[in-house]
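**Student:** Here you go, one structure.
The values are calculated or read from the model by the stated rules, or taken from the named source; none is laboratory data. Note that the coordinates shown come from a computational prediction; the quantities given were computed from them, not determined experimentally. All Cβ positions, glycine included, derive from the backbone under ideal geometry; neighbour counts span all protein chains shown. The protein model used for the area step is the full one, side chains on, heavy atoms only, and it has no ligands, DNA or RNA in it. Shrake-Rupley method; radii C 1.70, N 1.55, O 1.52, S 1.80 Å.
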Amino acid sequence: VIEAGAKTAVYTTKNKIVGVIGTDGTIRSKAYNKEIEKIDSEIKIVDKSCPLFVPIVEEGWANTDIASLTAKRYLEELMEEGIDSLVLGCTHYPLLKRTIGEIVGENVKLVNPAKETAKDLKEILENNNMLRLDSEIEPKYEYYVSDIPEKFAAIAEEFLKKEIEDIKNVKI
């Protein structure tokens, strides 16, 4: 995920100033920074921890004034630095894409590492003749959560645009 997100950010930046947002742990790890620097050491990376984004998404408030005010507060420093690409470095953050996009504007490319990983996987499967497009076997989806299944279902249905069934609660 990190490699795919970093690669996309490198190839989409025009001014070589890339923003990276993530949870405290992701930002402290500098994982995206290291991967971006491996590809192009001349890129300036501006990173920012955005810990409130996760609970905002989990409350179902992704496209609310609360989300917008929080995004504005978190992202103003990145915008002042002149970023033109922004890595959404947490699985929850793409659910805030509309809100974040409104704050950073249309000139900043939002990079969803999970989506880029899925594209890479599809290419690998196609290149190895492993992509099953015409299978008569229906796929089976199972979801495992450590929190409230109903809350997960509500968020996942919005994100995946499909009804979510077969959710299993696991104890960690």
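**Student:** Assuming Gly105 fulfils every condition listed in (1) at positive phi; (2) touching a strand residue (DSSP E or B) at 6+ places or on another chain (Cβ under 9 Å); (3) not β-branched (Val, Ile, Thr) apart from one, which condition is it?
**Tutor:** (2)
**Student:** Any chance you could count how many residues in region 83-108 are surrounded by fewer than 19 Cβ atoms within 10 Å (Cβ to Cβ) and over 11 Å from the mean Cα position of the chain (by Cα)?
**Tutor:** Residues flagged as surrounded by fewer than 19 Cβ atoms within 10 Å (Cβ to Cβ) and over 11 Å from the mean Cα position of the chain (by Cα) within region 83-108 amount to 7.
**Student:** Here is a further query. Can you pull out every residue in region 67-81 that is within 10 Å of Val104 (Cα to Cα) and open to solvent by 10 Å² or more (accessible area, probe 1.4 Å)?
**Tutor:** Lys72, Glu76, Met79
**Student:** Answer yes or no as to whether Lys171 is more than 19 Å from Ile56 (Cβ to Cβ), open to solvent by 30 Å² or more (accessible area, probe 1.4 Å) and basic (Lys, Arg).
**Tutor:** In short, yes.
**Student:** Could you run through region 13-40 and say how many residues are among the polar types (S, T, N, Q) and buried (at least 16 other Cβ atoms within 10 Å of the Cβ)?
**Tutor:** 4
**Student:** Shifting gears a bit: For Gly82, work out the one condition from (1) part of a loop (DSSP other than H, G, I, E, B); (2) within 24 Å of Phe152 (Cβ to Cβ) it doesn't fulfil.
**Tutor:** All conditions are met except number (2).
**Student:** When the residues of region 20-40 are narrowed to those that are acidic (Asp, Glu) and touching a residue at least 12 places away in the same chain (Cβ under 8 Å), which ends up nearest to Glu77 (Cα to Cα)?
**Tutor:** Here the residue is Asp24.
**Student:** What helices (runs of 4 or more DSSP H) lie completely within region 1-49 and have 3 or more residues being hydrophobic (A, V, I, L, M, F, W, C)?
**Tutor:** The helices (runs of 4 or more DSSP H) meeting that bar are 2-12, 31-39.
**Student:** List pairs: first residue in region 41-66 and under 18 Å from Glu157 (Cβ atoms) and surrounded by fewer than 18 Cβ atoms within 10 Å (Cβ to Cβ), second residue at pLDDT below 95 and acidic (Asp, Glu) anywhere in the structure, Cβ distance under 9 angstrom, at least six positions apart or on different chains.
**Tutor:** Taking only residues 6 or more apart or on different chains, the pairs are Glu58/Asp147; Gly60/Glu158.
**Student:** Failed condition for Cys90, given (1) in contact with a strand residue (DSSP E or B) (Cβ under 9 Å, 6 or more places away or on another chain); (2) modelled with pLDDT of 95 or more; (3) among the hydrophobic types (A, V, I, L, M, F, W, C), with all others met?
**Tutor:** The one condition Cys90 does not meet is (2).
**Student:** Another question, if that's okay. When both residues are 6+ apart or on different chains and their Cβ atoms are under 8 Å apart, which pairs have a first residue that lies in region 128-146 and is farther than 11 Å from Glu165 by Cα, and a second that is among the small types (Gly, Ala, Ser) and not in a loop (DSSP other than H, G, I, E, B)?
**Tutor:** none
**Student:** Within the set of pairs 6 or more residues apart or between chains, which connect a residue that is over 16 Å from Ile83 (Cα atoms) and at pLDDT 90 or above inside region 106-117 to a residue that is of a type outside the set (Asp, Glu) and surrounded by fewer than 19 Cβ atoms within 10 Å (Cβ to Cβ) with Cβ atoms less than 6 Å apart?
**Tutor:** These pairs meet every condition: Pro113/Val1.
**Student:** Still on this model: Tell me, which residue of region 162-172 that is in contact (Cβ under 8 Å) with a residue 12 or more places away in the chain and in a loop (DSSP other than H, G, I, E, B) is nearest to the chain's Cα centre (by Cα)?
**Tutor:** Among those that are in contact (Cβ under 8 Å) with a residue 12 or more places away in the chain and in a loop (DSSP other than H, G, I, E, B), it is Ile164.
**Student:** Further question on the same structure: Among the residues of region 109-161 satisfying the criterion of being under 30 Å from Lys16 (Cα atoms) and not in a helix (DSSP H, G or I), which is least open to solvent (accessible area, probe 1.4 Å)?
**Tutor:** Among residues in region 109-161 that are under 30 Å from Lys16 (Cα atoms) and not in a helix (DSSP H, G or I), the one least open to solvent (accessible area, probe 1.4 Å) is Val111.
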